[in-house]
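Asks: Pasting in a structure now, in structure tokens, and then I'll have a few things to ask.
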């Protein structure tokens, strides 16, 4: 039996959508990519606009897809941000550092889209508003309904055999809840709507969170603000010390906020603040997806998903790319996309629906045994190498083994480096020099 050639819709032309489209196209599928913006890049496409609701709570707001702030630099070295046969090099770029800015990431994605001949597959300014199963000529297919963005009053619908969802996971804000939040009179925003530091001149700013964006934004605002404070639920002193920004006042989580601007912390200390910035992460959000409950999002658990990709009852005709977090996005997306493309062509076969559901339930059980909350269902972290090795084994591609091994070695060194570094870590580690010292030579490139 020959390969199947399937008509596939890809939702999104960010990093995950682009590599998914390439792998599907390489496998011989008929691919159409729907992108609501006017360019490739997804969240890497900087947009100075912010939303009318700065906390992102209003479902009727005009959504700005990107969460990019002007000063953002990547938190992975460029050596971990390329694909197996298309590395992220600094050719022709002014930024020669290991941790480039977002502008260079966008240039990389432009180059990837053009060199892979993907641009002609993309329908720009096509916002997908509905993806739903449809029966046509006795077959279960997928109806994809779209509308034009950017002034044109146009809409349409097309039918596909399969849909690959690649709409990203950094658009729908998740905010911190605390007593008095809704009545506090100061300005509040989510980091999704932070762009530049100048509006915070001479203000007292409180940042909630201790992730990379919280530290970046605190450092960005510090030269302008009157004071910068940081609060989080983090109680491990080593983590707090590692992620401190010099000059930023540290606090435990907020206990309550009062209408006069006073913010009280859990240790009963307090400050008067002008602005609260929620650097508190995002929610998975698929408002266009209509599956009659077969796929749902419950406390950031997208499920059920076999191996974070296929809903067992709808596999392989519906799939998701880049759901896992605390991983290396580019290698992950490439491996997932190769697997999806080969499953759709019939070259690789999934377990039965019952077996996939059983394995999903086993994964949920492991999450409970680890004591992780439900929203950590897709957290790979320490298991990312094991997961990527499993995908590589499924694909049986010896040519990728050395690439994957190099990714692991650089990733492990990155983890060790972060444990011993401080706030200027992006400037302190010359990854290229380290690779030469370790004898990588040209293997990674």
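The values are calculated or read from the model by the stated rules, or taken from the named source; none is laboratory data. All values derive from a computational prediction rather than experimental measurement. Reconstructed Cβ throughout: ideal geometry from the backbone, glycine too, with neighbour counts over all protein chains shown.
Asks: Given the structure, is residue 51 in contact with a helix residue (DSSP H, G or I) (Cβ under 6 Å, 6 or more places away or on another chain), assigned to a loop (DSSP other than H, G, I, E, B) and in contact (Cβ under 8 Å) with a residue 60 or more places away in the chain?
Replies: yes
Asks: Looking at the structure I just gave you, is residue 108 free of Cβ contacts under 8 Å to residues at least 60 places away in the same chain, crowded, with 19+ Cβ neighbours inside 10 Å, within 30 Å of residue 191 (Cβ to Cβ) and assigned by TED's automatic domain parsing to the domain that holds residue 18?
Replies: Against the criterion (free of Cβ contacts under 8 Å to residues at least 60 places away in the same chain, crowded, with 19+ Cβ neighbours inside 10 Å, within 30 Å of residue 191 (Cβ to Cβ) and assigned by TED's automatic domain parsing to the domain that holds residue 18), residue 108 qualifies.
Asks: OK, next. Within the stretch 299-307, does at least one residue satisfy the condition of being over 22 Å from residue 56 (Cβ atoms), in contact with a helix residue (DSSP H, G or I) (Cβ under 6 Å, 6 or more places away or on another chain) and either in the same structural domain as residue 192 (by TED's automatic domain parsing) or in contact (Cβ under 8 Å) with a residue 24 or more places away in the chain (or both)?
Replies: yes
Asks: Oh, and also: At pLDDT 95 or above, under 30 Å from residue 7 (Cα atoms) and over 24 Å from the mean Cα position of the chain (by Cα): does that describe residue 178?
Replies: No; evaluated as a whole, the condition is false for this residue.
Asks: Among the numbered criteria (1) surrounded by fewer than 18 Cβ atoms within 10 Å (Cβ to Cβ); (2) in a loop (DSSP other than H, G, I, E, B); (3) touching a strand residue (DSSP E or B) at 6+ places or on another chain (Cβ under 9 Å), which single criterion is violated by residue 313?
Replies: Just one mismatch for residue 313, condition (3).
Asks: If you go through the stretch 196-218 one residue at a time, how many are at pLDDT 95 or above and surrounded by fewer than 19 Cβ atoms within 10 Å (Cβ to Cβ)?
Replies: Residues in the stretch 196-218 being at pLDDT 95 or above and surrounded by fewer than 19 Cβ atoms within 10 Å (Cβ to Cβ): 6 in total.
Asks: Okay, next question. Taking the stretch 25-60 on its own, how many of its residues are more than 19 Å from residue 102 (Cα to Cα) and under 21 Å from the mean Cα position of the chain (by Cα)? It would help to see each step written out before you state the result.
Replies: Start the filter on the stretch 25-60 by keeping residues that are more than 19 Å from residue 102 (Cα to Cα), which leaves 25-36, 51-60.
With the extra rule that they be under 21 Å from the mean Cα position of the chain (by Cα), the set shrinks to 33-36, 51, 54-57, 59.
Final tally of qualifying residues: 10.
Asks: Could you say which residue among 332, 395 is modelled with pLDDT under 95, in the same structural domain as residue 131 (by TED's automatic domain parsing), surrounded by 20 or more Cβ atoms within 10 Å (Cβ to Cβ) and under 27 Å from residue 142 (Cβ atoms)?
Replies: None of the other options fit; the residue is 332.
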